[in-house]
1. Of everything in region 417-443, what is farther than 21 Å from Asp466 by Cβ and either in contact with a strand residue (DSSP E or B) (Cβ under 9 Å, 6 or more places away or on another chain) or open to solvent by less than 40 Å² (accessible area, probe 1.4 Å) (or both)? Give them in sequence order.
2. List the residue pairs whose Cβ atoms are under 8 Å apart, where the first residue sits in region 258-280 and is over 13 Å from Gly293 (Cβ atoms), the second is among the basic types (Lys, Arg) and open to solvent by 60 Å² or more (accessible area, probe 1.4 Å), and the two are 6 or more positions apart or on different chains.
3. Which of the residues that make up region 203-216 are closer than 21 Å to Ser174 by Cβ and either within 32 Å of the chain's Cα centre (by Cα) or assigned to a helix (DSSP H, G or I) (or both)?
4. Take Ser198 and tell me if it is polar (S, T, N, Q) and crowded, with 20+ Cβ neighbours inside 10 Å.
5. Pairs only if they're at least six apart or on different chains, beta carbon under 8 angstrom, first in region 321-335 and surrounded by fewer than 24 Cβ atoms within 10 Å (Cβ to Cβ), second among the aromatic types (Phe, Trp, Tyr); list them, first residue then second.
6. Output the residues belonging to region 295-334 that are within 21 Å of the chain's Cα centre (by Cα) and not in a helix (DSSP H, G or I).
7. Take the residues in region 350-359 that are crowded, with 19+ Cβ neighbours inside 10 Å and of a type outside the set (D, E, K, R); name whichever of them is farthest from Gly293 (Cα to Cα).
Amino acid sequence: MESTVPFLSPVSQSPENHFSFYHNFELFYMENIAQNNSFDQTQTLESPFSGLNVSGYPDLPDSGYQFGGGFARAGQDRNNNVIGEGTKVGPDVESWGAFMYSSYQLGSSRNTEFSILPSSNQTRLLSAAASAAGCTMPFGLNNNINRPSFNTSKLCNNNQTRPHWLHEPLNCLSLGDLRGRLVALAKDQYGCKFLQKSVEKASKEEIDMVFMEVIDHVCELMSNSFANFVVQKVVDVCSEEQRNQILLMVIKNRFRLVEICLNLHGARAVQKLLEKLTTQQQISLFMSALSPGAVALSKDLNGHRVIQYCLKNFSDEDNKYFLTVVANNCYQIAIDKCGCCALKHCLDHSNGEARSRLFQEIIANALNLAEDQYGNYVVQHILELKETQTTESLLRQLQGNYASLSCNRYGSNVVERCLLESEEPLTTRIIVELLRSPIVSTLLLDPFGNYVIQSALSVSKGFVFDALLNLVQDHYPIMRSHSYGKWVLAWFSRRKQLHM
């Protein structure tokens, strides 16, 4: 006797592995079984499938699925039994995963109608499951179900679903049609592009409408990856009075202003706003609000861009208070990776009292900065400016420490820069200090000090050069057997100065 299997036989793999809505699906299904099941569980597969509308599709691709949407049979009947020539029932698959993959692949590649209705209960079951998954299931007159197209983005992130009205075409709508929805539209990837184009061609009345909707949300929109472009466009086309309102809204909370400037998208929007500031009052208001956050901005890449724009485009008087805050926190800024670059820009674009104050604070901390991985670049930058008075003050601050700095990875770079950028009297003073140091012989073999010796040989003349030459000759035997000593000897080989 042929064995029968209940209609709800377990499949080879649980659907829990494939759908997040499985538990709701199961609950709904059990309720339907209790209320509407027209056959008992002892019936075989032949009973519910007796009313199945079977038709052949010989032209379908070899996808493992001919037609039908029921579960695969168990045991030896799992393989498709031939009902008629060229006609099969059920998917030619061995697991739930393969069944769902082949089913949805076929449904997305061909607009084919499948009859999967052994009973009306199954229709409601699949309809509810599809609705939970975010699928579309239009029904025909004979209650046949089109295979739904899966909305995978909804399954992955239900919290970021777009409003239903954003799925509609926007090209046929005007700004007036979208009144009250512009903030949400500005945050949408495609909506922001539509708004930018619309605002560019908008009338004064439409611009006023857009402005009134976004002004209360302008700080939030400036930091949004899409909406910041809409804000920039509004800043471009709005009136001077409206621009003033945007400025006042942005600087209303100083902490919020700094937060916007630290954001990649916010920094761009702020720069666009700065480009449109035309009056001295506007600039003064902005710089007064920005200056307290100078340290945080200097140490951030996005904030650095805002600072750089202010230094390049605003006057010394406008930047005076900002530079004072930078000078008061100069060491903290200088030892930061981004801060050292910001401090160099402050030196390049400042004048008068503000510049002198920056020099003073950097020179006061020169010894510690010279040994720092980032601070040493600030000290070297001062030397590269070649301002005689400033250079002399810096060298006096480092005096007595040249030998120890020469053995430091970062300090040796500063000593080399002192030798290469200073005038001859100052250079001679540094070399003499090195020659009188008790550790001068170790510099010849030091991984960093040997570079200082090579630089000293390059810039020295007269008796100073002779003194260095004698030092090398005295230590020639040990230098020949030492890797770093060989580098110093290689300097002589390149210049053919040494004859031993």
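The values are calculated or read from the model by the stated rules, or taken from the named source; none is laboratory data. Computed from a prediction, not measured in an experiment: that's the story for all the values here. A quick note on method: Cβ atoms are made from the backbone with ideal geometry, for glycine too, and the neighbour counts reach across all protein chains shown. Accessible surface is based on the protein model in full, side chains and every heavy atom, while ligands, DNA and RNA are left aside. Shrake-Rupley method; radii C 1.70, N 1.55, O 1.52, S 1.80 Å.
1. Cys418 - this is the single residue of region 417-443 that is farther than 21 Å from Asp466 by Cβ and either in contact with a strand residue (DSSP E or B) (Cβ under 9 Å, 6 or more places away or on another chain) or open to solvent by less than 40 Å² (accessible area, probe 1.4 Å) (or both).
2. Listed by first residue and then by second, the contacts come to Gln271/Arg305.
3. Initial filter on region 203-216 (closer than 21 Å to Ser174 by Cβ): 203-215.
Result: Lys204, Glu205, Glu206, Ile207, Asp208, Met209, Val210, Phe211, Met212, Glu213, Val214, Ile215.
4. Values: polar (S, T, N, Q): yes; crowded, with 20+ Cβ neighbours inside 10 Å: yes.
Yes; evaluated as a whole, the condition is true for this residue.
5. Ile335/Tyr374
6. The answer is Lys299, Asp300.
7. Here the residue is Phe359.
This table checks each residue for (1) without any contact (Cβ under 8 Å) to a residue 12 or more places away in the chain; (2) within 46 Å of the chain's Cα centre (by Cα); (3) closer than 21 Å to Leu405 by Cα.
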{"position": "Glu433", "(1), (2), (3)": "no, no, yes"}
{"position": "Ile453", "(1), (2), (3)": "no, yes, yes"}
{"position": "Lys461", "(1), (2), (3)": "no, no, no"}
{"position": "Leu468", "(1), (2), (3)": "no, no, yes"}
{"position": "Val472", "(1), (2), (3)": "no, no, yes"}
{"position": "Met479", "(1), (2), (3)": "no, no, no"}
{"position": "His482", "(1), (2), (3)": "no, no, no"}
{"position": "Phe492", "(1), (2), (3)": "no, no, no"}
